[in-house]
1. With the cut-off at 29 Å, report for the chain the share of all Cα pairs above it, as a whole percent.
2. Among Asp174, Asp60, Asp198, which one shows the highest mean-square fluctuation when the chain is modelled as a Gaussian network with alpha-carbon springs under 10 Å?
3. For the chain, take the longest principal axis of its alpha carbons; what is the angle in degrees between that and the long axis of helix 92-102, to the nearest 10 within 0 to 90?
4. Assuming a ≥ b ≥ c are the square roots of the Cα gyration tensor eigenvalues, decide whether the stretch 162-234 counts as rounded (a/c under 1.5), prolate (otherwise, with a/b larger than b/c) or oblate.
5. Ranked from highest to lowest mean number of other Cβ atoms within 10 Å per residue, what is the order of the peptides 214-223, 137-146?
6. Order of 48-54, 73-79, 123-129, 2-8 by packing, highest average Cβ count within 10 Å first?
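Throughout, read-outs are computed from the coordinates displayed, never taken from laboratory work. This structure is a prediction, so every number in the text was calculated from the model and none was measured. Here the Cβ is made from the backbone with ideal geometry for all residues, glycine too, and neighbour counts use every protein chain on show.
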Amino acid sequence: MLTWEEAVQWLRDQPEQSELVKHCYYDDPLETAAERFFQSEEWTEVISLLNSKSSGQVLDIGAGRGISSYAFAKSGYSVTALEPNPSKLVGAGAIHHLANSSSLSIKVQQDWGETLPFADRTFDIVYGRAVLHHAHDLKQLCKEAARVLKPNGLFIATREHVISQKEDLQQFLDSHPLHNLYGGENTYLLEEYIQAIDLSGLKILKTFAPLENVINYFPTTKLQMKESVKPVLTRKLGKTIGANLAKLKFIQDLYILHSAGQK
């Protein structure tokens, strides 16, 4: 088996995987990748979920290369990036480099989400992008996230792997582009995520279906998602009627919600 760093480097070395590398923000320069995430529709949507919390203390769990930490810091938050991997490519070393090169204040802590080295009620926001499915102990990680949140704080988990039945786990692992190299992938049922969060004492405010929010379907854009309704309607209703109906926002929204419900 390879290390996580070696697996990502292998992916970067495959010319045919260049688009996937870019979509995962594994490309260099790291500063360019981080700025692309900051400018993305996904990040814009995350910011919209924060409501009135336009500043405060943020804990970025499993921060990886630091793209989310960069986005929070550039948006005016005080950021602590939690990342156990010391790697200069995909871990704490990369975050240190990004913080220094961008002149952004990002504290880096090498530790695990299940054993957060912070006092109770420290953070206004705890954020994890594609992190929960990597937990060694999902319930304990959620419990720790709840512990370090201030009253009325927000816990946001995005880009999680979800399966509809346990029998799908092996198929998911077999299809993942890196799991066979480093063996570190996992996924849970939606009910398992919800149960872990409920047991932590946190109240779930919202969950998003796969096509319900650009956070989930990025790098497909909102425009691309809306335009996908046109061929469906023209095929069913004819070119003129279908094309005209496809321009209506409420039709686009209905189509996306319907598609999300089918996933």
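1. On the way: 12217 of 34453 pairs.
Tail of the P(r) past 29 Å holds 35 percent of the pairs.
2. Per the Cα network of the chain with a 10 Å cutoff, Asp174 tops the list.
3. Once rounded, the angle reads 80 degrees.
4. Values: a/c = 2.33, a/b = 1.29, b/c = 1.81.
The shape class here is oblate.
5. Numbers: 214-223: 16.7, 137-146: 20.7.
Most protected by this proxy first, the peptides run 137-146, 214-223.
6. Values: 48-54: 12.1, 73-79: 19.3, 123-129: 24.9, 2-8: 17.6.
Output ranking for 48-54, 73-79, 123-129, 2-8: 123-129, 73-79, 2-8, 48-54.
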